[in-house]
Amino acid sequence: MTATPTYSLRRRLVWLLTSSVAAIWLLTSLVVYQRAHHEADELLDSQLTQVAETLLAIVAGGEVDHFVKELHENARRYPVPITFEVWRTHDGATERLVTSPGHSELETGTTLGFSEHPHQGTSWRFYAAQDNEAEYRVVVGQAHATREKLAREIGLSLLMPAALALPLMALAVWWVVGRTLRPVDVVARQVGALDAQALAPLDESGPLPDEIAPLRTALNALVRRVTEAFDNERRFTADAAHELRTPLAALKVQAQVALRSQTADSRQRALMQVMAGVDRMTHLVEQLLTLARVDPANQASPPPPLNPADIIAAVCAESLPQAQLQKQSVTVDGGPGCTVAVSATWLQIALRNLVDNALRYAGEGAHIQVRLAPSGAGCSITVADDGPGVAPALRAQLSARFVRGEVEDEGCGLGLSIVARIAALSHAQLELGDGLPRADGGHGFAATLHFSEAPGQA
């Protein structure tokens with residue numbers, strides 16, 4: 001059998017959180033770089049404008065020769081990443097007065113204001129200006145590579161601390177996630193420490209996050225249900241073993257009596273006792289099997305509504321031969337039709353056990369009545385007799401397993417337990433009360449199943 005693959009929730013959370021932060025950081029880097037490039041363009045455009053206006057003021061003041069001398073002396077020590085030219089137009093002739101050192105001559109015809117065109121094999125941005133008399137013209141240019149370098153430096157200065165902090169942040173996320181998931185480890189250790197032979201709810205004294213507390217509550221509820229089921233099964237097994245041990249011992253005694261009998265009559269009586277014991281054992285085993293069949297797992301979907309009248313008639317018809325042997329009478333009072341939401345098999349089992357109980361314990365010559373009647377929004381089914389009845393103090397115990405009434409009989413004490421189980425699984429109520437009136441003024445015993453209104457019943 002292939003094992004189900006597992007994964008680490010901690011690693012997955014750390015990976016998702018770190019990846020999300022890294023993605024946000026990359027997006028932020030792109031935005032910051034674009035913004036830095038824009039700011040660099042504005043700053044350098046402003047610089048080109050100032051340089052052009054300064055050069056225009058110098059040449060217009062007649063200090064060209066002095067400016068050229070100073071320019072060539074300082075260019076060797078303080079090179080600048082800007083190229084420029086100064087032109088003069090006089091008597092219709094244009095001449096180049098000054099060219100920045102270390103740069104080739106610019107192309108003529110540069111338009112006034114900002115413009116971009118190739119220079120020295122790369123892209124450049126130029127700014128051209130002239131004086132009011134249009135005598136002097138200044139062209140200032142700067143390579144785009146310089147602007148991009150400045151934008152990168154600005155962007156890196158802003159983003160480098162965040163990049164260096166990303167690994168530290170991943171470690172911090174790992175630690176925080178691990179500390180946050182610590183309650184899950186605690187619950188896992190508590191579940192792992194549970195003893196299958198003695199289940200106990202998890203300790204609820206320690207605080208847990210709101211997301212994990214429902215898990216512990218659900219586990220404790222499951223443990224309680226499983227513990228209750230185990231206890232019921234252990235109790236049932238112990239009771240069943242006790243109930244089986246007694247008739248088995250009686251069978252052995254009767255068999256020994258038959259073996260030691262000297263006469264045919266005594267041997268016949270012993271064998272008849274053996275047969276009766278076998279019948280009691282058969283009935284007990286059948287009841288045990290019936291109780292095992294009443295399992296909600298055997299019913300995959302909710303049962304459709306049904307009219308119980310036909311099932312009542314069939315069960316009563318089956319019981320007539322046994323009733324006639326004991327000179328008993330069985331009558332059915334159908335009443336107005338109604339429907340109940342219960343499995344037909346379960347209802348048949350419940351009615352058969354109720355009628356069988358009445359036949360066993362009501363006594364010879366008793367009258368048993370099966371009545372179907374509306375009850376509030378639903379309907380009720382009552383099996384009543386005029387037998388000796390059961391004291392009110394003992395009625396609450398009759399639905400327990402292997403509990404019998406005051407009348408001695410060969411029953412095994414599982415009938416009403418089966419009916420109670422079916423009632424609980426069918427969302428019905430089992431009521432035990434007074435039955436039919438007797439001639440001496442007393443009352444027999446009655447068991448009533450109250451069913452709520454079936455879905456779809458008008």
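The values are calculated or read from the model by the stated rules, or taken from the named source; none is laboratory data. All values derive from a computational prediction rather than experimental measurement. Reconstructed Cβ throughout: ideal geometry from the backbone, glycine too, with neighbour counts over all protein chains shown. What goes into the accessible areas is simple: the full protein's heavy atoms, side chains included, and nothing from ligands, DNA or RNA. Shrake-Rupley method; radii C 1.70, N 1.55, O 1.52, S 1.80 Å.
Residue-level check: of (1) modelled with pLDDT under 80; (2) under 30 Å from Leu194 (Cα atoms); (3) not basic (Lys, Arg), Asn220 misses just (1). Selection of the range 358-377 for residues being open to solvent by 10 Å² or more (accessible area, probe 1.4 Å) and either of a type in the set (D, E, K, R) or under 46 Å from the mean Cα position of the chain (by Cα) (or both) yields Arg360, Glu364, Arg371, Ala373, Pro374, Ser375, Gly376, Ala377. Against the list (1) within 23 Å of Leu171 (Cα to Cα); (2) in contact (Cβ under 8 Å) with a residue 40 or more places away in the chain; (3) not polar (S, T, N, Q), the condition Ile24 fails is (2).
When we screen Glu133, Glu153 for residues that are within 53 Å of the chain's Cα centre (by Cα), modelled with pLDDT of 75 or more and among the charged types (D, E, K, R), the only hit is Glu153.
If the condition is being part of a helix (DSSP H, G or I), of a type in the set (A, V, I, L, M) and open to solvent by 70 Å² or more (accessible area, probe 1.4 Å), then the range 321-357 contributes only Leu325. Contact annotation: residue pairs with Cβ atoms under 7 Å, 6 or more positions apart or on different chains, pairing a residue in the range 149-164 that is assigned by TED's automatic domain parsing to the domain that holds Tyr33 with a partner that is β-branched (Val, Ile, Thr), are Gly155/Val32; Leu158/Val32; Leu159/Val32.
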